[in-house]
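Read-outs throughout are calculated quantities, based only on the coordinates presented, and are distinct from any laboratory measurement. This one's a predicted model, so the numbers in the text were calculated from it and none came from an experiment. As a convention, Cβ positions derive from the backbone with ideal geometry for all residues, glycine included, and neighbour counts pool all protein chains shown.
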């Protein structure tokens, strides 16, 4: 009877160890997936910021172009008058 009880305890402990190992694997998988999602989200946010910077640069360039004075009118358009 004693050996049966010991065998049952060993089986129970090994089953618990296997379940703990499986749960650790699942936890590690969830953590790695979560970290991957985090990095992906960070990358997309950085890309958005880069796109916004490009748009801002284009807007600034358009404003600068609009502020430049146009060509001045020639005071002597015919060119033959002194």
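Extension gain, residue 52-residue 4: 0.36 nm per intervening residue step, less the Cα-Cα distance, totals 10.1 nm.
Take the Cβ atoms of residue 63 and residue 41, set R0 to 41 Å, and the FRET efficiency comes out at 0.80.
In nm, give the distance between the simple-model label positions of residue 11 and residue 78, each being 7 Å from the Cα along the Cα-to-Cβ direction. In this crude label model, residue 11 to residue 78 measures out at 11.9 nm.
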